[in-house]
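The values are calculated or read from the model by the stated rules, or taken from the named source; none is laboratory data. Fair warning: this is a prediction, and the values are worked out from it, not measured in the lab. Here Cβ is always computed from backbone atoms with ideal geometry, including for glycine, and neighbour counts include all displayed protein chains. Heads up: the accessible areas ignore ligands, DNA and RNA and are worked out on the full protein's heavy atoms, side chains in. Shrake-Rupley method; radii C 1.70, N 1.55, O 1.52, S 1.80 Å.
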Protein chains: 2
Amino acid sequence: MEEDILHHLDLGTKTHNLPAVFGDIKLRNTNTFMFYIQFVCVGGSPNRMRAFAQFMHKQLGLAGNGEDLADICAGMDRYTMYRAGPVLSISHGMGIPSISVMLHELIKLLHHAKCRDVTIIRIGTSGGLGIKPGTVVITDTAVDSSFKPRFEQVVLDDVVVQSTELDKDLAKELLACSKEISDFPALISHTMCAYDFYEAAVVCVALLDRLEGDQIRAPHEVLWEYQQWPQCLIAAFIRKHLRLCSPAGNKLFSTN
Amino acid sequence: MEEDILHHLDLGTKTHNLPAVFGDIKLRNTNTFMFYIQFVCVGGSPNRMRAFAQFMHKQLGLAGNGEDLADICAGMDRYTMYRAGPVLSISHGMGIPSISVMLHELIKLLHHAKCRDVTIIRIGTSGGLGIKPGTVVITDTAVDSSFKPRFEQVVLDDVVVQSTELDKDLAKELLACSKEISDFPALISHTMCAYDFYEAAVVCVALLDRLEGDQIRAPHEVLWEYQQWPQCLIAAFIRKHLRLCSPAGNKLFSTN
């Protein structure tokens, strides 16, 4: 293909130098560069994903002001995308079709930008069944609206069924990570998702127990705090992972 | 229910006086008031739906500055909602789940606000099959991903099937309206929608002919102009409809 236009992201192979946009970034007060995108974190809300990018900017000790990160997709109002070093933070709106459009263009984007072995994690919010509001759920398997671990798509009039099991080792690593933080309850469990799944990981915080009703009664401050918890967990995981992967083996980041 | 919290719209029956928020609005330089919401127009893009509300504000000759309309849902970043007299303009994001969450809370909202006999119209963009880019398609029937005129939902482990036929008289009225404007091609046809439908009307402009590829090649200016066309049609329809419904029978609005 001569040109690939990623319409909903307002990016393209002719209009943007994608390997440069997603290439190396310098750490604060060092001569260390972090190359390319290694983690993509996605979530529904644009504000939350900007806040997460700012949070990661600080957590990773990157150079420059993390408060005024530019929206890479500012030319379109469908999604927002922020970069904090090797981490991309993207809002995907609500529901499978919205997420699917983004993932379709994201995967092409990562290919064009020459990013390899990227870990994709959804950090979001969800309802809960029989768990306390505020519990961080690390998904091992996504189930559809019939509680079956499958994702069905109609492709050229055929129903194509795909597995919805996530990376079990990644889920265990995230749970272990959450125990080291211990600021909030976390567990591994199933997540119901009408028509979608992720081959990475999914980490959501439950806003309510649907066995007790469908009204979200917690005040905004509490809901906002709940939303921080998956972010804290993922920040800890990414810091840990980058330290382990550091070629020089030295500690690049503080744990705070 | 003691209190109904419309979480994703950031509105509620205890925190907001909904009949007042969606109640009467004064026309510019007149003593004529327009009561309550009569039309709800929805579309994917927040910017487009703000522009539509500003456009309707001028078209209806409403008092005040239409340029700085406030976002009624500003407290949450999920949807945007603007009011222009008897018209609500709401962004719904992409795909069925995102639209469904909005419609669920919108219908409760209209009930609490005591709005009755409201016409709901989606004005959006879509791909096209065998039609010229820029064609405005007025949907008569929505079909699912198997080209069947049905909408299937799993409710408590049962598959519930609903009809996806839209209001045929409304579609004909919109087509007649488009002939009076004649600035752009319009036709009545089917629209494929994976998992959603509207019982009102759907008016979309095709951005491309998918029989010729999946890249949207038209420049931004052309795409922006295409997006105006469904808006022009709906503005003409609403102006016409309000004039017909005016109790005094006098001409309230200019046609420009």
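Here are a few things to note about the model shown:
- Selection status of B:L109, surrounded by 20 or more Cβ atoms within 10 Å (Cβ to Cβ), more than 14 Å from chain A (Cβ to nearest Cβ), within 30 Å of A:T125 (Cβ to Cβ) and more than 13 Å from the chain's Cα centre (by Cα): yes
- Sole residue being within 14 Å of chain B (Cβ to nearest Cβ), charged (D, E, K, R) and either surrounded by 18 or more Cβ atoms within 10 Å (Cβ to Cβ) or in contact with a Ser or Thr (Cβ under 7 Å, 6 or more places away or on another chain) (or both), chosen from A:R78, A:R83: A:R78
- In summary, strands (runs of 3 or more DSSP E) completely within the range A:85-192 and bearing 1 or more residues that are more than 30 Å from B:C193 (Cα to Cα) and out of contact with any Asp or Glu (no Cβ under 6 Å at 6 or more places or on another chain) occur at A:87-91, A:119-128, A:136-143, A:186-192.
- Test set (1) crowded, with 23+ Cβ neighbours inside 10 Å; (2) on the phi > 0 side of the Ramachandran plot - A:Q59 fails condition number: (2)
- Filter result for the condition that a residue is β-branched (V, I, T) and surrounded by fewer than 16 Cβ atoms within 10 Å (Cβ to Cβ), over A:T30, A:T13: A:T30
- For the range B:176-194, a residue qualifies if it is exposed (fewer than 14 other Cβ atoms within 10 Å of the Cβ), hydrophobic (A, V, I, L, M, F, W, C) and touching a residue at least 40 places away in the same chain (Cβ under 8 Å), and exactly one does: B:L187.
- Qualifying residue in the range B:14-37 (condition: over 25 Å from B:E225 (Cβ atoms) and within 14 Å of chain A (Cβ to nearest Cβ)): yes
- Identity of the residue in the range B:49-75, in contact with an Asp or Glu (Cβ under 9 Å, 6 or more places away or on another chain) and within 14 Å of chain A (Cβ to nearest Cβ), that ends up farthest from B:D10 (Cα to Cα): B:R50
- Evaluating A:D140 against the criteria (1) within 14 Å of chain B (Cβ to nearest Cβ); (2) at pLDDT 90 or above leaves one unmet condition, (1).
- Among the residues of the range A:120-172, those that are farther than 24 Å from A:L106 by Cβ and basic (K, R) comprise A:K132, A:K148, A:K172.
Yes or no, residue by residue, for (1) at pLDDT below 80; (2) not in a strand (DSSP E or B):
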{"site": "B:D196", "(1), (2)": "yes, yes"}
{"site": "B:V205", "(1), (2)": "yes, no"}
{"site": "B:L223", "(1), (2)": "no, yes"}
{"site": "B:R239", "(1), (2)": "yes, yes"}
{"site": "B:F253", "(1), (2)": "yes, yes"}
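- Across the range B:159-175, the number of residues qualifying as open to solvent by 50 Å² or more (accessible area, probe 1.4 Å) and either over 15 Å from B:T141 (Cβ atoms) or small (G, A, S) (or both) comes to 4.
- Taking the range B:120-150 as the range and being over 20 Å from A:H7 (Cα atoms), in contact with a helix residue (DSSP H, G or I) (Cβ under 7 Å, 6 or more places away or on another chain) and open to solvent by 10 Å² or more (accessible area, probe 1.4 Å) as the test, the residues that pass are B:G130, B:D140.
- Being in the same structural domain as A:H111 (by TED's automatic domain parsing), out of contact with any Ser or Thr (no Cβ under 8 Å at 6 or more places or on another chain), part of a loop (DSSP other than H, G, I, E, B) and crowded, with 19+ Cβ neighbours inside 10 Å is a condition met by no residue of the range A:40-53.
- The range B:54-84, residues that are of a type outside the set (A, V, I, L, M) and assigned to a loop (DSSP other than H, G, I, E, B): B:G61, B:G64, B:N65, B:D71, B:C73, B:G75, B:D77, B:R78, B:Y79, B:T80
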